[in-house]
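In what follows, a single structure is set out as structure tokens and then discussed.
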Amino acid sequence: MKKRPNLFDYATSELSQDAFLTWLIQWADKDYREIDSSLNACAISFVQELLGKDNSYKIETVEAGRQWNNIDVWALVNNQYFLVIEDKKGTKEHSDQLNRYSEIAKNHYEKSEIEIKLVYFKMEEQGKYSDIKNAGFLIFQRSKMLSILEHYVNSTEKSMQNDIIVDYHKNLDNLNKKINSYLTKPLNEWYWYSWQGFYSELQKHIGGNWEYVSNAAGGFLGFWWNWNYSKIDGKEFEYYLQLEQDKFVFKLYAYKENERREIRDFYRRHLYKKAKELNVEISQFGRLGAYMGVAKLNSEYRLTNENGLLNIQATVDNLKNIMKLINETEKEIKAHNKVYS
């Protein structure tokens, strides 16, 4: 028996998701309660979450639409709140668009009592949200959406369920499983979504940022953290750690081009010395450049359990242990500078 076709396996674009969000928000209006009370209740829960309200907030009137002044999705709720939703599917914010959309909405309603609510809707993973938060946007992520949709699917009689909601929920649930596949697949079977899920989990434990890095070989998802700043004889540089998927690299950033070789050789010398003392096996790696690799870890940094699957806590502990090498190298550099200052 063939698998039931899912609308959102075909409607994969951001515009398709825009349409779905607008459609669902519109269903929160009280006029649709008698047509489909379960769908109306689901939509109300969604809009309450978008507004940052609990379920005691009553929703009476909703007017929703798309592409007003390039804003992906907008909604006027109870003539009290104006929702600005930036919907991102497979991409991230760019060109200061969030601040621009915020200003457009605030200027439009500056002479009214309507309050602007800003929402960044992102179902995939993203490595950095600081710019979004700084622009005043609430980040609406996959876990919230799944919770709302799961309540609808589990509480509504199957014969009464709306097929669009069911399809979107199934599609989103499949995405969630892909992103969490780093916990269910052997290390050598990880793919794009596995790395996204792994990096997002790592952030919770050691901080850092991650995103796609393009190069001639096809690019990779990179994760970097533990930045340090120093200088020798007035020459400034930074050093940090970077994961290039299954590769662990010790990185260096030299501020000035004509100082790169000297700084690299200085840093590499101290790094190798401390690595030997701490029994961390590293080898030479990378080429001279602004952001350059100076060494790589010789062993697998990801640790597994008895089933050959990732042991996230053991892996985090392993990474923290390797971070001690950088901390000890920092002390060594400071001691050098103190002697020669």
Checklist outcome for this item: Around K177 (Cβ within 12 Å, Cβ-to-Cβ, excluding K177; K/R +1, D/E -1) the net charge comes to +3
Checklist entry - Carbon and sulfur together cover what percent of the accessible area of the stretch 91-161 at a 1.4 Å probe radius? => result 46
Item to check | Unit charges on C-beta of K, R, D, E only; dipole of the stretch 37-121, Debye | outcome: 140
Item to check | Estimated dipole of the chain in Debye, rounded to 20 [Cβ of Lys and Arg +1, of Asp and Glu -1, Cα centre] | outcome: 1460
Item to check | Geometric extent, Cα atoms of the stretch 1-89 - Rg, Dmax (angstrom) | outcome: 14.2, 50
Next on the checklist: Please give me the summed charge of the neighbours of Q80: other residues whose Cβ is under 15 Å from its Cβ, Lys and Arg +1, Asp and Glu -1.
Outcome noted: -1
Checklist entry - What residue among Q67, P5, N78 has its Cα farthest toward the positive end of the dipole of the stretch 1-123, where the charges are +1 on Lys, Arg and -1 on Asp, Glu, each on the Cβ? => result P5
Checklist entry - With every protein chain left in place, what is the accessible area of S214 in Å² (1.4 Å probe, nearest 10)? => result 90
Checklist entry - Taking a 1.4 Å probe, which of Y10, Y182 shows the most accessible area, and what order do the others take after it? => result Y10, Y182
Item to check | Computed accessible area, T61, all protein chains, 1.4 angstrom probe, square angstrom | outcome: 50
Next on the checklist: For I333, I282, give me the order by solvent-accessible area with a 1.4 Å probe, most accessible first, ignoring ligands, DNA and RNA.
Outcome noted: I282, I333
Checklist entry - Among Y291, L202, L39, whose Cα lies farthest out toward the positive end of the dipole of the chain, if unit charges sit on the beta carbon of Lys, Arg (+1) and Asp, Glu (-1)? => result Y291
Next on the checklist: Leaving out ligands and nucleic acids, and using a 1.4 Å probe, what accessible area per residue does the chain come to in Å²?
Outcome noted: 53
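Report, to the nearest whole %, how much of the accessible area of the stretch 1-84 belongs to carbon and sulfur atoms, 1.4 Å probe, protein only.
For the stretch 1-84, the apolar C and S fraction of the accessible surface comes to 49 percent.
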Next on the checklist: Need one value: the accessible area of E115 in square angstrom, 1.4 angstrom probe, rounded to the nearest 10.
Outcome noted: 90
Checklist outcome for this item: A chain fully extended from E113 to I164 at 0.36 nm per residue, minus the present Cα-Cα distance, gains in nm 14.9 nm
Item to check | q = 0.08, 0.10 Å⁻¹, the chain: log10 I(q)/I(0) [Debye, one scatterer per Cα] | outcome: -0.53, -0.76
Next on the checklist: At 1.4 Å probe size, put M1, M292 in order of accessible surface, largest to smallest.
Outcome noted: M1, M292
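The values are calculated or read from the model by the stated rules, or taken from the named source; none is laboratory data. In this text the structure is predicted, and so the values were computed from the model without any measurement. Neighbour counts are summed over all protein chains in view; Cβ atoms, including those assigned to glycine, are modelled from backbone coordinates with ideal geometry. Ligands, DNA and RNA are excluded from the accessible area calculation, which covers all protein heavy atoms including side chains. Shrake-Rupley method; radii C 1.70, N 1.55, O 1.52, S 1.80 Å.
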